[in-house]
Amino acid sequence: MAAGKKESDELKQVVDIDRVIHEPARFLIMAYLYVVDSADFLFMMNQTGLTRGNLSSHISKLESTGYVKVQKEFVNKMPRTILSLTDAGRTAFNDYRQQMKQVLADLPK
Amino acid sequence: MVANINLKELERKAFRSVFQDGLWDIFVGFLFTQFAVAPFLSEQGLGDFWSSAVLFPVYMIVLACVMLLKKYVVAPRLGMVQFSKKRKSKFKWLILMTNIILVVGIIAAVFFVDLSNLNIKWLFPATLSLILLIGFSVTAYLLDLTRFYIYGAMNCLAVVFGELLYQFAGAVHHGFPIAFGVTSSVMIIVGIILLVNFLRKYPKPSEDFNVEGVRNGSR
């Protein structure tokens, strides 16, 4: 009975993984934005190696979830898209890391 | 994926990308040409102070060119990034340490002018090489730039090598023109190679590129 409950808890942990962050490209975007204060679209594209359209769609998804803040501004009369993690995004990323570490640590060798 | 990713390394990679254009290597290389050129200017009657001071406007022009290239060539290709508070505090430390090393260097130079009548052959080169080694190492450590450790070792050895040439092979001006001519050339060439590679790796995107992702319907 107790073993069954443990199994069910472990399964719940896997099911509860944040699927928005779990996608590899989005995870990479979140990881980069986690370690810097902010970056523009071009910098993120260069760092992640994602294509323009791909990055754009993932940013859109992260923005709609409330994890990434997208700001439009002009620098030297040129429009720029500045990206940064929201507080919710930072918390979600930390939680995701903890959950994944736990899930992977629990795997049998 | 999470098991393999190292956030510190990721941040370091992002930070290092800002220095991959080689422009600071070119600037530092130009700064060190002073050690190679100034002795000859001093010989022309300018004296120790003015032979260095006269080159100051040249370095200011080089610095201005570096800043303009950063703004109009590098930034539009690489993009813009704001680093964490930890990185910003490291920059402040770098500025502080550079100033301290500069002041120590000036005090040492004044001190050695007073001691020039004494026959202490290795005191000056030993002190200068130590200052250069510490200066480059501090920069390399605070900026996470491995090649600056190599520059430090190279310039440190250049002082020793120059002094050896001066004492045993009859080279002029403590061998500085040869030794620093070589090291400054190496730094400038490395910088140019890095810059060319950077320009190849990052072609200039179209003007409206950075608007991507914010237009309605473009996502």
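The values are calculated or read from the model by the stated rules, or taken from the named source; none is laboratory data. On a predicted model such as this, the values are computed, not experimentally measured, just so you know. Positions of Cβ are backbone-derived with ideal geometry, glycine not excepted, and every protein chain shown enters the neighbour counts. Ligands, DNA and RNA are stripped out before the accessible areas are found, and what is left, the full protein with its side chains, is counted by its heavy atoms. Shrake-Rupley method; radii C 1.70, N 1.55, O 1.52, S 1.80 Å.
Those helices (runs of 4 or more DSSP H) of segment A:13-59 in which at least 1 residues are facing another protein chain (nearest Cβ under 7 Å), considering only elements entirely within it, cover A:24-35, A:41-48.
Residues that are crowded, with 16+ Cβ neighbours inside 10 Å, in contact (Cβ under 8 Å) with a residue 40 or more places away in the chain and not small (Gly, Ala, Ser) within segment B:61-93 comprise B:Val66, B:Val73, B:Val74, B:Pro76, B:Arg77, B:Leu78, B:Val81, B:Phe83, B:Arg87, B:Lys90, listed in sequence order. Residues of segment B:161-178 that are open to solvent by less than 50 Å² (accessible area, probe 1.4 Å) and either within 28 Å of B:Tyr141 (Cα to Cα) or of a type in the set (Asp, Glu) (or both): B:Gly162, B:Glu163, B:Phe176. Restricting attention to segment B:145-166, does a residue exist that is of a type in the set (D, E, K, R) and at pLDDT below 90? For segment B:145-166, residues of a type in the set (D, E, K, R) and at pLDDT below 90: present.
Residues considered: A:Glu63, A:Glu73. Of these, the only one that is open to solvent by 30 Å² or more (accessible area, probe 1.4 Å), of a type in the set (Asp, Glu) and in a strand (DSSP E or B) is A:Glu73.
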